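Each remark here refers to the structure printed beneath this line.
Derivation of every value follows stated rules applied to the coordinates shown; laboratory data play no part. Please read all numbers here as calculations on a predicted model, not as lab measurements. Here Cβ is always computed from backbone atoms with ideal geometry, including for glycine, and neighbour counts include all displayed protein chains.
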Amino acid sequence: MAIVKRRDLDYVVITLLVGSSIYVFITGLIADAMGLHHFGFHSQVGYLWVALAVTHLIQTWARVKAFVRNRFRERSDKIFPTQKLTQPLETVKPTEQSTSSQPFTLPHKGRRNLLLFILAIATGIGFERFVTPQKSIGPGEANQDIGLLYHRWSQPGYGETIATILNWGQQPALYKTYPNSQIIELPSVELSDPSSITTLDLATTITQRRSRRRYNTQSRLSLKQLSQLLFLAQGITWDEREFRTVPSSGALYPLEIYPVVHRVDGLEPGLYHHAVEKHQLELVKAGDLRQPLIKAGLNQDFLGEAQVCFVVSGIFQRTRWKYHERTYRYVLMEAGHLGQNLYLAATALGLGVCGIGAFFDDPLNELLGIDGEDEAALYLVTVGEVT
Ligand SMILES: Cc1cc2nc3c(=O)[nH]c(=O)nc-3n(C[C@H](O)[C@H](O)[C@H](O)COP(=O)(O)O)c2cc1C
C-alpha cells in the first residue's frame, strides 16, 4: 500500500522541525522576558519538537548508522593502517528502509514509530492538562471561598496566557501626582548616614515592635519624623537604577501612601499624598478627617487618636501589565512589606504603630478620592506617640 515516499515524509518532518524550533525559540524568549516559568504554548510545542526529532532520527536511522560506521572505519584505518577494511566504503549501503525512492508503506516497525510519535504528543498535552493546575471553576465550586478560587486560578503556567496577552494593557506612569495641589517639601533624609535616622539596631527594633493603640492625643509629630517614616516606608534608594526601601515585584512599585494628618508640626490637618519621586507632600484635602476615617475603619477610635494614619493604596495596572493574574497576590504582598517597614521605622523612632486591615472599602476609597478598582485602599497604619 504505497501512500507516501519515505523521503517526502522526511521533508515534511524536517519542515515541521524547523518551524517548531523557531516557535519554541520565540515562545522561550517571551516566557523568559515575562517570567512565565511554565508556559503551556511553549512546552506543548517543545514536546512536539522532541517527537519530530525522534521521528526524524528513526526515518534516517539507517543513514545515520552507515555514516557513523564509515567514520569509525576511517578513524580506525588511520590508527591501525595495516588493518584492512572488510568491506569497501562504497559498498556500505543504506538499508532497504532508507532508499529514497522506495514508497513508504507503514510496515510493522513504522506503525510502532507512529505510535511513539502520537504518544509523545499525548504526553505533552497530558502534562499540560493534568500536571499543571487548571483555571476553570468546576461544578459546585462557585460557592467556595472566592479567595481560594482566586488563589488556584492565579497559579502561573496556563496555555491560554498567550491568548490574553493583548488584554494586559499599557504600563501606567510610575508616579501619581496632584498637579494643582499645594506642595510641602519634606526634610531630606540622610541616606549616606542611616544612623542619623535612628541608632536602634535591627534586632532590637524587631523584637520591640508591637501593635500600639493608645496614643497621646495631645502630642504632635515633627515634620522630620513624618519625613523619616515616609522615606523608610518606600523612599527611593538609588542603585544602578531606581529602587526603593520596599521590595516590589519587577520593581514596578504599585503602592501609594496617603498620610491622613491629625497632628503634625507645620502641617494643617487633612489628607496628603506622598509624592515619592521628589519626596514631597501634596495636599489633597484640608480639614479634620478623624471622624470619617474612624467610621471607614469600623469605628476603631485610635484611627483618630494617632498623630497620623498612613493609608496605603495599590494601582493594580502598574503590576498587571506584566504579571496579569498574579497581580493581586503581588500587590497585597507588597503592601505587607511596606506596612512592616512602617512598623519597624516607627518602633526605631520610639513611636507607637498599628496596622489595620479591618475597614469599609467604599467610604475609605471615597475619602481618598480613588475609585476602588484601578486604585484601591489596601492597608492602614497608625503612628504616634503612645501614652
Ligand atoms: C493584616 C493585618 C491587619 C490588622 N488589622 C487590625 C485591625 O483592624 N485592628 C487592630 O486593632 N489591629 C489590627 N492588626 C494588628 C494585629 O491585631 C496585631 O498585629 C496582632 O494582635 C499581633 O500583635 P503585635 O503586632 O503587637 O505583635 C492587624 C495586623 C495585620 C498584620
Where does each of Leu267, Leu149, Leu29 land when they are ranked from fewest to most other beta-carbon atoms within 10 angstrom?
Leu29, Leu149, Leu267
By per-residue mean of other Cβ atoms within 10 Å, what is the highest-first order of 347-355, 197-205, 375-383?
375-383, 347-355, 197-205
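Quick one: which of 12-20, 63-71 comes out on top by average Cβ neighbours within 10 Å, and what's the full order, highest first?
Top to bottom by mean Cβ count within 10 Å: 12-20, 63-71.
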The stretch 253-289: GluC sites (Glu not before Pro) falling in loop per DSSP and having at most 13 other Cβ within 10 Å
Glu277
For a quick check: sort Thr237, Thr327 by the number of other beta carbons within 10 angstrom, fewest at the front.
Thr237, Thr327
For the stretch 182-384, just say rounded, prolate or oblate: build the C-alpha gyration tensor, square-root its eigenvalues into a ≥ b ≥ c, call rounded for a/c under 1.5, and beyond that prolate if a/b exceeds b/c, oblate if not.
rounded
Give, as a single signed number, the net charge of other residues whose beta carbon lies under 13 Å from the beta carbon of Asp362, with Lys and Arg counted +1 and Asp and Glu -1.
-3
